[in-house]
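For reference, the structure discussed in these notes is given below.
Every number here is computed from the coordinates shown, using simple stated rules; none is lab data. Small disclaimer: the values here were computed from a predicted structure and weren't measured. Glycine also receives a Cβ, built like all others from the backbone with ideal geometry; neighbour counts cover every protein chain displayed.
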Amino acid sequence: MATITQLEYLLAVEEERHFGRAAKRCHVAQPSLSTQIQKLEDELNVIIFDRSKKPIMVTDDGQVVIEQAKVILKEHRKLPFLAQGSSDDPRGVFELAVIPTLSPYLLPLFLGDFSQKFPHVQLKIREAQTDDIIRLLKDEKIDGALLVTPLNDSQILERHLFYEPFYAYFSRSHPLLEKKLLKDSDLEGEDFWLLEEGHCFRNQMLNICSIGKENKVLENVEFSSGSLETLVQLVKQNKGFTMLPELATKLLSSAEKKHLRSFQNPVPTREVSLVHSRSFLKEKILQALEECIIENIPEGMKSLKKGNIQVIKI
């Protein structure tokens, strides 16, 4: 009978496609890992890995074994949390992923409070882009994520937290600074600084503004950034404009805030949710996160009326 250890080694080799790297990842000597994989293959009477290929390839029969191993390990990992079900307070490890356009603005608002209120929860947080986070959720490499929604994915459950309006940030001489409120149609032109491909906020920027994806603010400079702060500085020191979600505007100086303009109703807005896969078990930690985040966001964002906003597609 296959052991849990053998199945863990099996998945490590499948992901790394290299016995040495898999052994390092599993904190075991390579000969020991190789021996256990060979024992598993002998017991099942199947060749799981084609070792003649570089990188190592999974055979067709091996793929069937690997898929079943994933199911077995997933069910095995549920046992500690089922045992904790009777505990009154949240406890345990929770792996959380956050998109880069949320993490520097949202995490500082609630992490200190969460840490104090729930000392038995160990949060492990990483930044990643939306597509990578969705893959990690489906592979159960993380427990939950803070994402912009709706994702329209039947394998992922979404718990709405708040709506976050968008603002436009203009250079000091930009003509649109003369307006008090903007319309979507005002933002047409070639002077828009964008985030790089892969950020859902970039897609929302493009869905608001009537511009091409290849626009250039400076004729001989082609640039996109993964940082909203970088875009603010580029606008500030050069020309053009960019878009910012409301939490990002809270970090601007008083002088910088003079270059912000809001939109008339319905205000372009993003929906932020706490998401997890359908096989999720750590319900008490999830509830604690949800409540703590909502408690610590700005009051103005809690009171937004849905009739006054327009949730922009990702």
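A few remarks follow.
- For the range 4-77, the dipole from Cβ point charges (+1 on Lys and Arg, -1 on Asp and Glu) about the Cα centre works out to 420 debye, to the nearest 20.
- Ranked His27, His259, His199, His76, criterion: other C-beta atoms within 10 Å, fewest first: His27, His76, His259, His199
- In plain terms, the residue of Cys292, Cys209 with the fewest other Cβ atoms within 10 Å comes first and the most crowded comes last, giving Cys292, Cys209.
- The dipole here belongs to the chain: it is taken about the Cα centre, uses +1 on the Cβ of Lys and Arg and -1 on the Cβ of Asp and Glu, and is about 660 debye.
- Under the combined filter of DSSP loop state and at most 14 neighbouring Cβ atoms within 10 Å, the range 146-190 retains these GluC sites (Glu not before Pro): Glu188, Glu190.
- Here the range 162-194 and the range 88-141 have alpha carbon centers that stand 32 Å from each other.
- Cα radius of gyration and Dmax for the range 4-77 (Å): 11.3, 33
- Computed magnitude of the charge dipole of the range 1-124 (debye, nearest 20; Cβ of K, R +1, Cβ of D, E -1): 400 debye
- With 0.36 nm allotted per residue and the present C-alpha distance subtracted, the Ser185-Ile47 stretch has 43.6 nm of extension available.
- Helix 283-296 vs. the chain, principal-axis angle (Cα, 0 to 90°, nearest 10): 20 degrees
- At q = 0.14, 0.18, 0.23 Å⁻¹, base-10 log of I(q)/I(0) for the range 126-179 (Debye sum, equal scatterers on each alpha carbon): -0.54, -0.68, -0.92
- Residue ranges 298-305, 18-25, 242-249 sort as 242-249, 18-25, 298-305 when ordered by packing (mean number of other C-beta atoms within 10 Å per residue, highest first).
- Compactness check for the chain: Cα Rg over 2.2 N^0.38 Å is 1.23.
- Fewest-first sequence of Lys54, Lys257, Lys117 by Cβ atoms within 10 Å of each Cβ: Lys54, Lys257, Lys117
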